[in-house]
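Each remark here refers to the structure printed beneath this line.
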Amino acid sequence: MVTIADDYDERTLIEAAQADPARFVDLYDRHFQRVYGYVIRRTGSRAEAEDITSAVFERALTNLRRFEWRGVPFVAWLYRIAANAIADRRKQTERDSPDPPPDMPDDRESEEIERRALIADLIERLPDTQRQVIEMRFAEEKSIREIAAALDRSEGAVKQLQLRALENLRKHMEGRHG
Amino acid sequence: MAEALIERLDRTIDVMLGQGDATSALTDAELAPLARLANDLRSCPSAAFKARLRANLERKKTMSIVLEAVKIREGFTTVTPYVQVRDSGFLEFITKAFAAIEIASVPTPHHVHREVRVGNSMLMISERASVGSAPPHGSFHIFVPDVDATFERAIAAGGRSMGEPQNRPYGERAGFVEDPFGNYWFIATSLGPTPVPEGLRTVTPYLHPRDAPSYIDFLTRAFGAVEEFRAEHQGVVMHARVRIGDAAVEMGEAPDRGEKPGFYLYVADVDALYERAVAAGSKSVLAPADQQYGDRLAMVEDLLGVTWAIARPA
């Protein structure tokens with residue numbers, strides 16, 4: 001899936017960030033969804049996934065100078081940091097920590113991470129109110145009643161927006177795969 | 001029919017969010033693709049979190065340039081004048097004239113390196129017999145985050161190497177450059193372990209507000225505080241830092257019981273200082289112990305009832 005042009009772009013972004021840490025956010029924007037997707041599959045809890053994702057990017061920023069480009073995707077380096085952060089967290093909370101999770105996602109998992117990253121991308125392009133409903137319903141786990149109160153709409157209207165948003169996402173996903 | 005799908009979808013989402021079993025939705029041909037998508041949405045990050053982490057990283061990166069990555073040895077500032085002389089006559093002169101105090105003296109095969117305090121300033125001196133009659137225009141010692149990177153930049157900017165970066169016996173990795181105008185720059189990164197985290201001083205005020213976000217907001221509006229980081233766990237601000245002018249103030253939320261404010265003290269040897277503080281009349285609150293998050297921590301209450309957390313970072 002990764003093309004030579006992507007490779008070149010990525011390398012340019014990494015070198016820019018190594019020279020000027022202000023550019024690190026470009027790498028963050030590019031890889032946030034994948035790292036979060038990788039972490040949440042292994043942790044299950046949103047709070048823990050947020051803590052660990054923060055730690056991953058902070059460590060990556062601190063250690064960016066040590067990253068050497070050898071043609072291995074940058075995201076693989078981030079996954080390794082994430083695997084270590086998850087293992088550290090387990091050691092803190094469990095006495096007999098199980099074996100650390102495998103570094104790299106297998107093909108099936110990669111596909112799932114990519115699909116979720118694509119969905120997250122598509123959410124950002126939804127019409128404002130649909131996006132707000134999805135954000136509140138799934139990320140903030142609010143009830144239809146709470147969302148209706150927050151948006152000053154009827155519960156029926158919120159359910160309608162929820163359905164439309166999902167249908168929109170589905171349509172775009174099919175468009176991508178087709 | 002559309003009406004009914006709305007309700008079926010919403011019920012399915014309710015079951016999913018309640019962590020229940022929503023697999024029955026998969027047998028409903030109209031609902032199934034939307035239910036699968038809804039299941040994916042549960043694992044999507046919140047936009048607020050994504051934006052907050054991005055802002056934190058942006059703040060961190062500016063700090064890492066200005067402050068954080070530079071370990072400066074105690075007593076020094078970023079740039080220190082470095083005087084090249086033939087012998088100890090110069091040290092004698094400034095001792096008599098300005099009450100200079102010698103802090104360190106390191107003889108090497110080529111010269112004697114001295115570090116001297118004059119009032120609140122530090123001065124470095126290099127004594128070597130071979131110093132010519134035409135000394136450089138000026139010479140400076142400078143602490144940087146990464147001596148190798150700065151050295152390379154200085155060479156690329158037209159400097160001439162007077163010594164590649166290497167670890168030096170006085171606790172620094174240092175490289176030396178003559179700039180195009182004849183000035184000498186002694187570029188260094190401190191090797192010595194510092195128990196004080198970057199960006200902080202030895203003692204930091206530590207507060208326990210019931211509601212940290214509102215308190216930070218207040219500090220921002222009232223005193224121009226700038227938030228440096230905030231670590232939350234399950235909705236509780238475990239640790240946050242703001243900067244007011246050149247000082248850091250830290251806090252950890254205590255939602256139920258609002259604790260008294262105190263001080264956070266970073267030292268190399270927690271156990272020794274804890275014993276000394278107790279021997280001096282403090283009350284022990286927490287004997288030295290390694291914490292889950294990596295610090296070694298002890299706590300005492302002083303004669304005024306102020307809590308001191310004595311810590312060595314991981």
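The values are calculated or read from the model by the stated rules, or taken from the named source; none is laboratory data. As the structure is a computational prediction, the values presented were derived from the model and not from experiment. Neighbour counts run over all protein chains shown; Cβ positions are idealised from the backbone, glycine included.
Once region A:2-42 is narrowed to residues that are modelled with pLDDT under 85, within 11 Å of another protein chain (Cβ to nearest Cβ) and part of a helix (DSSP H, G or I), the residue that is surrounded by the most Cβ atoms within 10 Å (Cβ to Cβ) is A:PRO21. Do we have A:ALA82 as out of contact with any Cys (no Cβ under 7 Å at 6 or more places or on another chain), away from chain B (no Cβ under 13 Å) and modelled with pLDDT of 90 or more here? Here the answer is yes, as A:ALA82 does meet what is asked. Scanning region B:91-113 for residues that are free of Cβ contacts under 8 Å to residues at least 40 places away in the same chain and either closer than 22 Å to B:GLY182 by Cα or of a type in the set (A, V, I, L, M) (or both) yields B:LEU91, B:ILE94, B:ALA97, B:ALA99, B:ALA100, B:ILE101, B:ILE103, B:HIS110, B:HIS111, B:VAL112.
Here is a yes/no grid of residues against (1) touching a helix residue (DSSP H, G or I) at 6+ places or on another chain (Cβ under 9 Å); (2) among the aromatic types (Phe, Trp, Tyr); (3) facing another protein chain (nearest Cβ under 10 Å); (4) closer than 27 Å to A:TYR38 by Cα:
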{"position": "A:GLN130", "(1), (2), (3), (4)": "yes, no, no, yes"}
{"position": "A:ILE134", "(1), (2), (3), (4)": "yes, no, yes, yes"}
{"position": "A:ILE147", "(1), (2), (3), (4)": "yes, no, no, no"}
{"position": "A:LEU151", "(1), (2), (3), (4)": "yes, no, no, no"}
{"position": "A:GLY156", "(1), (2), (3), (4)": "yes, no, yes, no"}
{"position": "A:GLU167", "(1), (2), (3), (4)": "yes, no, yes, yes"}
{"position": "A:ARG170", "(1), (2), (3), (4)": "yes, no, yes, yes"}
{"position": "A:GLY175", "(1), (2), (3), (4)": "no, no, no, yes"}
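Every listed requirement among (1) surrounded by 12 or more Cβ atoms within 10 Å (Cβ to Cβ); (2) at pLDDT 85 or above is met by B:GLU92 save one, (1). Would you check which residues across region A:43-85 are buried (at least 18 other Cβ atoms within 10 Å of the Cβ) and β-branched (Val, Ile, Thr) and list them? Answer for region A:43-85, where residues must be buried (at least 18 other Cβ atoms within 10 Å of the Cβ) and β-branched (Val, Ile, Thr): A:THR43, A:ILE52, A:THR53, A:VAL56, A:VAL75, A:ILE81. Condition check: more than 42 Å from the chain's Cα centre (by Cα), surrounded by 14 or more Cβ atoms within 10 Å (Cβ to Cβ) and at pLDDT 80 or above. Does B:ASP40 satisfy that? Considered against the rule, which asks whether it is more than 42 Å from the chain's Cα centre (by Cα), surrounded by 14 or more Cβ atoms within 10 Å (Cβ to Cβ) and at pLDDT 80 or above, B:ASP40 comes out as no. Considering region A:145-165, the residues that are in contact (Cβ under 8 Å) with a residue 12 or more places away in the chain and of a type outside the set (Lys, Arg) include one that is nearest to B:ARG11 (Cα to Cα), namely A:GLN162.
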